[in-house]
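Every read-out reported here was derived from the displayed coordinates using simple, explicitly stated rules and does not represent laboratory data. Since this is a predicted model, take the numbers as computed values, not measurements. FYI the Cβ positions are ideal-geometry reconstructions off the backbone, even for glycines, and counts take in every protein chain you see.
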Amino acid sequence: MISMPPMRSIFSSKFALSALLALTVASVSCTKPKSRHAKATKTTETTRPREAADPYRPLSTGGAELPADTPSRIVELVQAIVESPAANTRQLIALGKQAEAAMVALAESQNIAEARAAMRYVEAARAKAGGPAAARLASHPVPSVRHQALLALKAIGDPAHVPAIEEVIKTATDGTTRSLAIRALAALASANSAQALLALLADTSERVTSEVAAALAALGDRSEPVLQALRDKAQSPNAAAAVGALTALRLLGPKATMTASVLAKPLAHPDARVVYAATRLIPRIPKVAARAEILNRLLTDERPDVRRVALETLPQSGLGDILARATAMLSDADGAVAGAATAVIGLATGAEDRLALLRPLIAHAATEVRQHAVIGLAAAGDKAIKPLVARMALERDPMVQLFLARTLGRLKASSAVDALIALLSDRAAGAPTKVQAKASLEIITGQRLGLNGRAWRRWRDQKAHTPPSD
């Protein structure tokens with residue numbers, strides 16, 4: 001039988017003690033170190049040192065990696081940006097470039113609220129470093145993110161992002177995104193952005209072309225080349241492009257002077273919309289003779305819409321025989337044209353002449369003429385009340401009834417109370433007309449009895465039997 005040495009002798013040897021110590025150290029070193037990522041943790045240190053094997057990377061809630069040397073205070077503000085966006089953004093702006101780098105990094109977050117907050121910071125701080133991220137997020141599938149990214153691009157104003165904004169305008173399907181992109185282009189105020197906007201004048205969307213026209217007007221106010229480019233674009237055979245350019249020129253105001261030669265082609269365009277837009281610019285032609293010659297031709301155009309807009313332009317034309325021209329157009333076969341002539345008469349005369357000329361027209365066969373005659377008589381004062389009240393009892397057209405009720409209310413015509421009460425009980429009168437009759441009754445009487453014709457009649461009868469107080 002083999003005898004074992006005593007246990008005490010084994011552990012008392014120096015060799016055994018050294019082996020045991022080595023085994024303990026090895027087991028400790030093999031233990032997996034705890035992760036140092038600060039996904040939601042806070043630290044009291046200003047920064048943490050980098051290590052080659054395990055660098056420190058503070059993370060946002062949405063997984064965006066912030067720069068390793070980001071101070072803990074900035075990390076805290078970034079991680080809480082969604083809960084307190086306005087306050088934290090202000091504080092981050094005050095903390096300078098390190099905060100800017102952290103917020104630009106936050107734009108990579110998968111959290112929609114964090115990405116939107118990053119763009120809000122870029123907009124508020126006008127942080128050019130955030131431009132590439134904003135250009136990328138301008139095509140984000142979530143509308144609120146791309147809208148905020150476009151606002152950031154507008155605030156930054158870097159022409160380098162023109163291609164990205166153009167791409168958004170081409171591919172976006174919602175009007176708000178395209179409108180914001182157009183405004184961002186206008187804010188860049190560069191030659192590239194102007195050319196991009198000019199190209200957009202041919203867009204099929206009226207909302208886009210109107211936004212582009214306003215943007216180009218803002219650019220043209222500061223740039224003669226843009227102004228000339230708009231004059232050239234007005235000659236385009238493309239109706240949308242021509243209308244957009246002419247609209248921009250009109251929005252520019254007196255600075256955008258016109259000549260008969262510039263307007264000749266648009267005024268001869270087969271599309272009435274182009275002719276309409278060009279006609280509104282006739283008052284910008286310096287020479288009176290040239291304005292008169294063009295308007296005479298347009299007033300005899302075979303298209304009613306062209307004749308109508310020519311009449312609407314007369315009051316601003318500076319011509320001396322406006323009243324005669326308008327009176328001659330009262331016999332036009334198209335009611336809208338005759339109505340436009342009536343409106344011009346109301347604008348081109350004094351109170352006495354207006355009453356004399358418009359009073360017969362409130363019984364005209366054309367509904368549009370009666371409407372504009374009633375509107376014009378509102379400026380004739382109290383002398384117009386009697387014929388208007390008389391017409392109220394005869395008028396059957398709902399729109400003319402509405403204008404009569406509105407005009408009598410503005411004139412505070414107490415003699416119109418019975419006619420207005422009768423209108424509330426008229427089954428043929430439309431709802432808008434009755435609402436206007438109620439509003440006028442309230443103005444005239446100070447009473448609030450709603451649309452109840454019976455209540456108004458009861459009030460009238462009681463008032464008629466109430467003796468005046470001393």
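Here the 3J(HN,Hα) profile of the range 239-244, calculated from phi with Karplus coefficients 6.51, -1.76 and 1.60 at θ = phi - 60°, is 4, 4, 5, 5, 4, x Hz, Gly and Pro shown as x. Compared with the dominant Cα axis of the chain, that is its longest principal axis, helix 398-410 is turned about 90°.
Taking neighbour Cβ counts within 10 Å as the exposure measure, how do Tyr121, Tyr276 sort from fewest upward? The fewest-first ordering by Cβ neighbours comes to Tyr276, Tyr121. Helix 206-220 and the longest principal axis of the C-alpha atoms of the chain enclose an angle of approximately 80°. Couplings for the range 74-81, taken from phi via the Karplus curve 6.51 cos²θ - 1.76 cosθ + 1.60 with θ = phi - 60°, read 5, 4, 4, 5, 5, 5, 10, 5 Hz in order; Gly and Pro are left as x.
Look at where the Cα atoms of the range 171-198 and of the range 152-170 average out, and the two centres are 7 Å apart.
Report, in degrees rounded to the nearest 10, the 0 to 90 angle that the Cα long axis of helix 453-465 makes with the longest principal axis of the chain. Taking Cα atoms only, the helix is inclined about 50 degrees.
Ranking of Leu408, Leu394, Leu330 by neighbouring Cβ atoms within 10 Å, starting from the fewest: Leu394, Leu330, Leu408.
Taking a sphere under 13 Å around the Cβ of Gly453 and counting the other residues whose Cβ falls inside, with K and R at +1 and D and E at -1, yields a net charge of +4.
Just tell me which aspartates and glutamates come within less than 14 Å, Cα to Cα, of Lys412; anything on the same chain fewer than 8 places away is out. Excluding near neighbours in sequence, the set is Asp382, Glu442. The distance linking the range 62-101 with the range 259-337 is 61 Å (Cα centroid to Cα centroid, whole angstrom). Helical content of the chain, expressed as a calculated mean residue ellipticity at 222 nm, amounts to -19000 deg cm²/dmol (DSSP H runs of 4 or more residues, -39,500 (n - 2.57) each, divided by residue number, nearest 500).
Among (i) 48; (ii) 58; (iii) 23, find the value of percent of Cα pairs over 45 Å apart that was calculated from the structure presented, and write down its label. Answer by label: (i). Candidate cross-link partners of Lys255 among the aspartates and glutamates, defined by an alpha-carbon separation under 15 Å and a same-chain spacing of 8 or more, comprise Asp221, Glu224. Each Cα pair under 8 Å and six or more residues apart adds its separation to the average, and for the range 336-470 the resulting relative contact order is 18 percent.
Among Val75, Val369, Val435, a tally of other beta-carbon atoms within 10 Å of each Cβ gives an order, fewest to most, of Val435, Val75, Val369.
Here r is the Cβ-Cβ distance between Arg457 and Ala365 and R0 is 56 Å; the resulting FRET efficiency, rounded to 0.05, is 0.95.
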